[in-house]
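What follows is one structure encoded as C-alpha cells, with my remarks underneath.
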Amino acid sequence: MEKKYYMVLFALLAIAQLGVAARMIIQQEQIIQKGEPFFFKTAPIDPYDPFRGKYITLRFEAEQYETTDLRTWQAQEEVFVSIITDSAGFVQIAGLSKTPPLSDTPYFQARVNYFYPTDSLATISLDFPFDRFYMEESKAPEAEKIYREAFQQSKEDIYAVVFINQGKSVLEDVKIGEQSIKDLSTKKIRE
Amino acid sequence: MSKAILKALPELIETGIINESQAQSIRQHYAQKQDQSGNRILLIFGILGALLIGLGIILIIAHNWDQLSRPVKIVFAFLPLLIGQVVSFYVLLKKTDQKAWREAAATFLFLAFGACISMISQIYNIPGRVSDLLLVWMLLGLPLVYLLRSSVASFIYLFGITYYGCQLGYVEYPTQIPYLYWLMLLLILPHYYFLNKKSPRSNFTIFHHWIIPLSLIITLGTFGQQEELLMFLAYFSLFGWLYLTGRLTYFDEQPLRNNGFLVLGSLGSVILLLMLSFDFFWEELYLQRLDQASWMASPEFWVAGLLTLLAIVFLYLVARKSGLDKIALMEVLFLIFLFIFVTGFFAPGQSLLLVNILLFVLGIFYIRKGIRQDHLGILNYGLLIITALIICRFFDTKWSFILRGSLFVLVGIGFFIANYQMLRKRKTNA
C-alpha cells in the first residue's frame, strides 16, 4: 500500500520535472513563432571583460539612451523599452516606461544600469536581457576574436537577431554582415 | 583474520574448546559480515558510478554542440532525464529495499534534471540568473531525498541550496538576503532527523553532522548587507549555538570526529576572536556607535538576536543535563562576547584587551583540559590558540624583535615540553 503511494508521488515528480523543462522550451518557441525578428546593432565589448568560456558577451549601441524626458530612474529598476526600426533596419529606442506600453509598438523588458541626468538631457544606461550568446566551447574564443576584429575594420554591420513577442525576447543569432558568427568561426577554424 | 579463524574451527572443536553449534554461529557471523561489506562496496561503486556519469553528461552537454539542430539538442537534453526517471521508477518498484540502487538512481536523476534544464537555457540563450536555475533544480530534486530515501541526493541538495544562497547573497548584483535558503534548509531536516533515528552511526549521518553546520556558516553571512559589524555578533552566537548543540547528549557520546557541530563551533569562535583581537573592528564599532537606532531596524540585528536567544535556550538544555557547575568557558563564550561587544560602544580599548585576555584564558583552559584528560589533541589545540594569539600580536605591537623572538622560542619550547611530558606520563601509566 505504502509502495503504491510512493509510486504515485514519484510519477507526479517525474511529470513536474518534465513539465518544467517543457515549459521552458514552449515559452521560448512561442516567442520565436509568434514574435518578430529585430536587428540590434552591437557595440564593442570591453577588452578587459573577463572571457567567459563558451559564450560571447554582447553590448548594444542602443543600451546608451539619451532623452529629454527627465523622469528619474533607479539603478537596477526594471523598465519597458519600446522600439522602432530605423531606415537601415536596425532597432532604435522609442521610449522607456515603468509599465508595459499600451500601444502596439513592440517592446521588451530591460534593467537600468545607471541614470545620469543633466539640466536638459538625461543619459540612461540600460542592460538588455539578451547579452549572452552561447557557442560551442571550441568556437567561442575564435568567435570572440572575429567579433573584435570586425569592429576594428568596421566594414560591415555587426548585429544580433532577437525575436520579440509581448515583452519577451529570445536571442537567435549574432551576425556580421549577412553571415552568422557561428559559420564564420567554423570557417576560420577549418582554414 | 576471519579466514584464519574459520580454518582453526575444526581444530577448536576437536580439542573441545568450542562445540559444534558455537562453531556454526561463528561461521554465520563471518558470512553475514562478508555479505555486509559486499553490500557496502556495491553502494560506494553505485553512487560513484552515478555521480561520474551524471557529471560527465553535464560536461558533455556544456560543450554545446553547434552542428546539431535545435530539435536534436532538445532530444539529447531530455534523454538522460528520461533514463533517470525510468531507472528510478524501476528501483521504486523492484529494488526499493536495496540502498545501493536507491542512492545511485536518485543521484543520477538529480544530476540529469539539472543537466536538462541548463541545456535548454543554453539552446535558447536564456539569460536567467544562476540562482533562478538552482532554485528550480533543487526544489524538483528534493523529493528524491524522501521518495528514494537517498542521502547522496540530500548532499547534492544541501550543496545546491548553499550555492543558491551564496549566488543571491554574495555574487549576483544587486545582492539580496536569500530568505528562501532557510526555508529550503528546513525542508531537508526531516530526512536528517530520520537518519539520526534509524542509523545514528552510519557514515551518511556523520557527513550530515558536518555538512549542515558548514552550510549554515557559509550562508549566514548573506544577512550582512548594510550593518556588517552586527554580523560578528550573529556569527558568534551561531558558533556558540553550534558548540552547544554538539554538547547535547546525543552528539557528546560520539567521537569528536563525528561531532561537526562541536568542532566547527569551537574553531569558528576561536578564529573570530583572533580576528577581533586586532583593533580595526573596535575602532569601527566606536565610530558607528551613534547609529544604533538604524541597527534596530536591520535584518542583521534580528538574526543576531534570534541566534543569541537560540544559543541561550541550548545553554539551558546543556546546563540542565550536566549541572551548572560543569558549564565550561566555551559554552558561555557567546554571552561573554555579547558583553565585550556592548562594552565596545563606550570603551573600545577595554574590549580589545578583554578579547586578548579571553583568548589567552581559552588557550590555558584547553592545555589544562588536555593534560587532565590525557588527550594530545586538546592539549595542542590550547597551545595552538596561544601561538596564534602571539602571531597576531607579532604584527601589530611595537615590541622589539628580540622580545618577540624570545616569546616564540618560549612557546616552541612549551610545545615540546607539554607533548613530551604527556607521552612520558602515558608510558609510565602503561
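Return the residue satisfying two criteria in turn: it lies in region B:124-135 and is facing another protein chain (nearest Cβ under 9 Å) and buried (at least 19 other Cβ atoms within 10 Å of the Cβ), and of such residues it is modelled with the highest pLDDT.
Filtering region B:124-135 for residues that are facing another protein chain (nearest Cβ under 9 Å) and buried (at least 19 other Cβ atoms within 10 Å of the Cβ), the one modelled with the highest pLDDT comes out as B:Tyr124.
For every residue, the table says whether it meets (1) surrounded by fewer than 22 Cβ atoms within 10 Å (Cβ to Cβ); (2) modelled with pLDDT of 90 or more.
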residue: B:Thr219; (1), (2): no, yes
residue: B:Gln226; (1), (2): yes, no
residue: B:Gly246; (1), (2): no, yes
residue: B:Leu274; (1), (2): yes, yes
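Looking only at region B:138-153, decide whether some residue is of a type outside the set (A, V, I, L, M), under 30 Å from B:Pro255 (Cα atoms) and either within 11 Å of chain A (Cβ to nearest Cβ) or touching a strand residue (DSSP E or B) at 6+ places or on another chain (Cβ under 6 Å) (or both).
yes
Yes/no per residue for (1) touching a helix residue (DSSP H, G or I) at 6+ places or on another chain (Cβ under 9 Å); (2) within 11 Å of chain B (Cβ to nearest Cβ):
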{"position": "A:Arg23", "(1), (2)": "no, yes"}
{"position": "A:Ala43", "(1), (2)": "yes, no"}
{"position": "A:Glu61", "(1), (2)": "no, no"}
{"position": "A:Gln64", "(1), (2)": "no, no"}
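Tell me the residue from A:Ser125, A:Ser169 that is of a type in the set (Gly, Ala, Ser) and more than 26 Å from B:Asn64 (Cβ to Cβ), please.
Answer to the check: A:Ser125.
Output the number of residues of region B:199-248 satisfying the condition of being part of a loop (DSSP other than H, G, I, E, B) and β-branched (Val, Ile, Thr).
0
Tell me, yes or no, whether region A:98-105 has at least one residue that is aliphatic (A, V, I, L, M) and either within 30 Å of B:Leu59 (Cβ to Cβ) or within 12 Å of another protein chain (Cβ to nearest Cβ) (or both).
There is no residue in region A:98-105 that is aliphatic (A, V, I, L, M) and either within 30 Å of B:Leu59 (Cβ to Cβ) or within 12 Å of another protein chain (Cβ to nearest Cβ) (or both).
Examine region B:385-396 for a residue that is over 26 Å from B:Asp279 (Cα atoms) and surrounded by 14 or more Cβ atoms within 10 Å (Cβ to Cβ), and state whether such a residue exists.
There is no residue in region B:385-396 that is over 26 Å from B:Asp279 (Cα atoms) and surrounded by 14 or more Cβ atoms within 10 Å (Cβ to Cβ).
If you go through region A:125-140 one residue at a time, do you hit one that is without any contact (Cβ under 8 Å) to a residue 12 or more places away in the chain and either more than 12 Å from chain B (Cβ to nearest Cβ) or more than 29 Å from A:Gln30 (Cβ to Cβ) (or both)?
no
I'd like to know if region A:150-158 contains one or more residues that are closer than 17 Å to A:Phe39 by Cβ and part of a helix (DSSP H, G or I).
Checked region A:150-158: at least one residue is closer than 17 Å to A:Phe39 by Cβ and part of a helix (DSSP H, G or I).
For region B:290-306, what are the residues that are assigned to a helix (DSSP H, G or I) and small (Gly, Ala, Ser)?
Answer for region B:290-306, where residues must be assigned to a helix (DSSP H, G or I) and small (Gly, Ala, Ser): B:Ala293, B:Ser294, B:Ala304, B:Gly305.
Does B:Pro200 satisfy the condition of being within 14 Å of another protein chain (Cβ to nearest Cβ) and either surrounded by fewer than 18 Cβ atoms within 10 Å (Cβ to Cβ) or free of Cβ contacts under 8 Å to residues at least 12 places away in the same chain (or both)?
no
Does at least one position in region B:4-22 carry a residue that is in contact (Cβ under 8 Å) with a residue 40 or more places away in the chain and part of a loop (DSSP other than H, G, I, E, B)?
no
The values are calculated or read from the model by the stated rules, or taken from the named source; none is laboratory data. These numbers come from a predicted model, not from an experiment. Don't worry about glycine lacking a Cβ; one is built from the backbone with ideal geometry, like all the others, and counts go over all protein chains shown.
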